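> This is the structure I have questions about; it appears just below.
The values are calculated or read from the model by the stated rules, or taken from the named source; none is laboratory data. All figures in this text were calculated on a predicted structure; none of them were measured in a lab. Positions of Cβ are backbone-derived with ideal geometry, glycine not excepted, and every protein chain shown enters the neighbour counts. SASA here: full protein model, heavy atoms, side chains in, ligands and nucleic acids out. Shrake-Rupley method; radii C 1.70, N 1.55, O 1.52, S 1.80 Å.
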Amino acid sequence: MAADSQAAVAARIGAAVLGGYALAALASVACLALPLPTAEAVLAGMLTGFVVHALAAIWAFGARSAARAWAGILLAAASLALTAVAGGR
Amino acid sequence: MPPREPAAGLRRRMAGLHTWAGLLLGWLSYAVVLTGALSFFREELSVWMRPEASRTAAPAETAVQVRHMAAVLAGIEPPPHQWILELADGRRELATAIWIRGADHGERRLRPGTGAAAALRDTRGGDFFYRFHYQLHHLPHRLGRWIVGACAMGLLVLLISGVVLHRRFFADFFTLRLRGGQRSWLDAHNVSAAVALPFHFLIVYSGLVMLMFQYLPWGSIAAYPLPQERRAALLAQTDASVPLTAPRGTPAALQDLGGMVRLAEARWGRDGVSHVIVNNPADASALVTVVRSPRQRLSSSPQYLLFDGVGGSLLRVQEEVGPVAQARGILYALHMGRFADPLLRWLYFLSSLLCAALVWTGLVLWVAKRSDVTAAARPAGWHAVRKLNVAGLAGLSVAIAAFLWSNRLLPLQLPQRGEWEVQVFFAAWGLSVVHALLRPAAQAWREQLGCAAALLVLLPAAGFALCERHLFAGLRDGDWVFVGVESTAVALGLLHGVAALRAGRASARQR
């Protein structure tokens, strides 16, 4: 980590904390697209949200560059947002 | 455009993430995990901290307890909106009658057999550790839960990054070099993780699940735009309570609760009921919810019988929830561990101590790894971390021991006695911070570990001198809660003593 620039590290932290939470929030809404009764779908969204956030944080630091980290987050966010809008109740 | 980072090693990046997250969250995580470990025995600690409640030979019959509690609560003026009648059981010695009127609430602790009010010292009991564990103290509850939740999310990331960066998983499982120094701390860190890894993942993830309504409300807001609708639909799947509605305004006598409870026990067995909730007790719209005991079930999903409070007829049997709600209920129950019998409860406790050891060894390892280099090569903040580790780790043991001692030492009639015990906890912790900052690190470790050791090992002596129920009387009379709490304190005190001696030897070597 000493070799990475401070800006890159800051970008990764942003991706992990903010980007990760955004993905968790989007995942919790996207789960409403699942073929389940509404209450069940809402609960499923909450249960998966935490997993999504943790994996996003691992990706944010595991990716080979800060740019790739953000690219991955944004790509995931776009697909989740699309699912959320398409499957919304 | 930022310079391209070298494409070297996922493990190097995971190590960086693990180190930084560990440093930022370490002390808070340790406090949350250790108080969590103590929470598995919060009922026992509460019994130990209220020794005036004399032991009952066998818990009184449920219907009798419920009638006593209803009688006590019926005397509360003006009439509360809601009653909660918590039964005494094998772990809880006293029955607790709680009343709620809006933001106002109160409770009475009663001897289950006679219904007489128990004259007890004012104390938070084990519940202090339990509530600190998920909402801290001195902070608004929601903020405390946000902070603990963020810490738990960080712990999840720490666990995952720790597994990813670990190379020789199976070989390291069996490696524990005890000669001291950096190698030993690394081995201890790896073993604490490896021995109970599934537990660590489960307890952290299920802990997050318990906060999920606060943390991730977005799905529910999107699905149910109206708050009341949201409440009703979701709480029906997760909560064993019926929403409080406005009273009709017509006073009416409450039906005998004993009969309702007997019906529930016929369905669920003798220890099947944990508590009874009465909505609008003095009104014609009274509803009684008899809730099933979590001790019998591996899920905390709601199971209850709903009765009409005035007529006494059974309105609804709630026993099924959807599969996702059941999954949430199981995770919740696995975190709380209320279903656990004594052996399993001890396993929970010991695994949680391993989790605490995981955090402890991680923080100390960070310092140890950078102690062999020249002063110039050490990262900024090394000295601060080295000193604050003493207060964050050993200092918490001192604070907990001081809290327990204060329960025996503070005068019984002291006003706000319960709050004073909590002040003692934080004062002791604060003093340990000051001590750690003033003393050289090695001495600070030895002194704080030694202080914690002394306080814990001498706890039975305090009990013997200041109380009627204690370890020695307990061994004679079979008062196992007192035997358990005090002998565990001694055992943990001895552990601190050994650590203090080793800290002394290590510092002698480092000179």
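> Say R0 is 45 Å: what FRET efficiency, to the nearest 0.05, do residue B:229 and residue B:488 get from their beta-carbon distance?
Once rounded, the FRET efficiency stands at 0.40.
> Further, regarding this structure: Can you give the extra length, in nm with one decimal, that the chain gains between residue B:116 and residue B:64 once fully stretched, where that is 0.36 nm per residue apart less the Cα-Cα distance?
17.5 nm
> While we're looking at this one, here's another question. Among the trypsin sites (Lys or Arg not before Pro) within the stretch B:263-356, which fall in a DSSP loop and have no more than 11 other Cβ atoms within 10 Å of their own Cβ? If you can, show how the numbers build up before the last one.
Values: sites: B:267, B:270, B:292, B:295, B:297, B:316, B:328, B:338, B:345; in loops: B:270, B:297, B:338.
Passing both the DSSP loop test and the Cβ count: B:270.
> Only residues of the stretch B:462-498 count here: report those whose backbone N is under 15 Å from the spot 7 Å along Cα→Cβ of residue B:409, or say none.
B:462-467
> Now for a separate question. Can I get the semi-axes of the protein assembly as shown's equivalent ellipsoid? Compute them from the C-alpha gyration tensor as square roots of 5 times the eigenvalues, in angstrom, largest first. List each step's numbers first, then the result.
Working: eigenvalues 379, 247, 69 Å².
That gives 44, 35, 19 Å for the three semi-axes.
> Would you mind checking which residues have amide H under 5 Å from residue B:81's amide H? H placed 1.01 Å from N; only 5 or more apart, or other chain.
Sorted by chain and number, the residues that satisfy this are B:100, B:101, B:102.
> Using the Karplus curve 6.51 cos²θ - 1.76 cosθ + 1.60 with θ = phi - 60°, what ³J(HN,Hα) values do you get for each residue of the stretch A:38-50, in whole Hz, with x for Gly and Pro?
3, 4, 4, 5, 4, 5, 4, x, 5, 5, 7, x, 5
> For chain A, modelled as a GNM with alpha-carbon contacts under 10 angstrom, which of A:25, A:78, A:66 fluctuates the most?
Ranking A:25, A:78, A:66 by mean-square fluctuation puts A:78 first.
> Show me A:28-36, B:129-137, B:149-157 ranked by packing, highest mean number of other Cβ atoms within 10 Å first.
Answer by packing, highest mean first, reads B:149-157, A:28-36, B:129-137.
> For the stretch B:125-165 and the stretch B:10-72, what is the separation of their Cα centres, given in Å?
That distance is 13 Å.
> Still on this structure, I have one more. When only C-alpha pairs under 8 Å and at least 6 residues apart count, what is the relative contact order of chain B, in percent?
16
> The stretch B:330-359: which chymotrypsin sites (Phe, Trp or Tyr not before Pro) are DSSP loop and have at most 13 other beta-carbon atoms within 10 angstrom?
none
> Report ³J(HN,Hα) in whole Hz for each residue of the stretch A:71-84, in order, from the Karplus equation J = 6.51 cos²θ - 1.76 cosθ + 1.60 where θ = phi - 60°; Gly and Pro get x.
Each residue's phi maps through the Karplus curve to give 4, x, 4, 5, 4, 4, 4, 4, 5, 5, 5, 4, 4, 4 Hz.
> With unit charges on the beta carbons (Lys and Arg positive, Asp and Glu negative) and the dipole taken about the Cα centre of the stretch B:449-511, which residue among B:466, B:480, B:501 sits farthest to the positive side?
The one lying farthest along the dipole's positive direction is B:501.
> Here's something else I'd like to know. How big, on average over all directions, is the shadow cast by the Cα convex hull of chain B, in nm²?
28.7
> Between the stretch B:347-418 and the stretch A:11-45, how far is it from one alpha carbon centroid to the other, in angstrom?
35
> Moving on to the next point. At 1.4 Å probe size, with the rest of the protein present, what percent of the exposed accessible area of the protein assembly as shown is carbon and sulfur atoms?
Carbon plus sulfur share of accessible area: 66 percent.
> To continue, here is another question. Which residue, chosen from A:87, B:32, B:380, occupies the Cα position most advanced towards the positive end of the dipole of the protein assembly as shown, where the dipole is computed from +1 (Lys, Arg) and -1 (Asp, Glu) charges on Cβ about the Cα centre?
Among A:87, B:32, B:380, the one farthest towards the positive end of the dipole of the protein assembly as shown is B:380.
> Between A:60, A:39, A:71, where does the largest GNM mean-square fluctuation fall for chain A, given springs only between Cα atoms within less than 10 Å?
Between A:60, A:39, A:71, it is A:39 that shows the largest mean-square fluctuation.
> If you take the alpha carbon radius of gyration of the stretch B:153-282 and divide it by 2.2 N^0.38 Å, what ratio comes out, to two decimals?
Rg over 2.2 N^0.38 Å, computed on Cα atoms: 1.80.
> Now a separate question. Summing both sides, how much accessible area is buried between A and B? Use a 1.4 Å probe and give Å² to the nearest 100.
3400
> Using a 1.4 Å probe on the heavy atoms of the protein chains only, list every residue of the stretch A:47-87 that has 50 Å² or more less accessible area in the complete assembly than in its chain alone.
Residues losing area: A:47, A:50, A:54, A:58, A:61, A:64.
> With θ taken as phi - 60° and the coefficients 6.51, -1.76 and 1.60, list the Karplus ³J(HN,Hα) couplings across the stretch B:82-90 in order, rounded to whole Hz; mark glycine and proline as x.
3J(HN,Hα) across the stretch B:82-90, in whole Hz: 8, 10, 10, 10, 9, 7, 6, 9, x.
> Projecting each Cα onto the charge dipole of chain B (Lys/Arg +1, Asp/Glu -1 at the beta carbon, about the Cα centre), which of B:190, B:402, B:348 comes out farthest on the positive side?
After comparing all options, I get B:190.
> Where in chain B lies the longest segment free of GluC sites (Glu not before Pro) that are both loop residues by DSSP (not H, G, I, E, B) and have at most 15 other Cβ atoms within 10 Å? Mind showing how you got there, number by number?
Working: sites that count: B:52, B:319, B:320, B:468.
It works out to B:53-318.
> With the calculation restricted to Cα positions, what are the radius of gyration and Dmax of the stretch A:33-89 in angstrom?
Cα only, the stretch A:33-89: 13.5, 41 Å (Rg, Dmax).
> Another question, if that's okay. Roughly how many nanometres apart are two label points built 7 Å out from the Cα toward the Cβ at residue A:18 and residue A:6?
According to this spin-label approximation, the distance is 1.8 nm.
> Counting only protein chains, not ligands or nucleic acids, how are B:68, B:138, A:53 ordered by accessible area (probe 1.4 Å), most first?
Sorted descending by solvent-accessible area, the residues read B:138, B:68, A:53.
> Expressed as an acute angle from 0 to 90° and rounded to the nearest 10, what is the orientation of the C-alpha long axis of helix B:197-210 relative to the principal long axis of chain B?
With rounding to tens, the tilt is 50 degrees.
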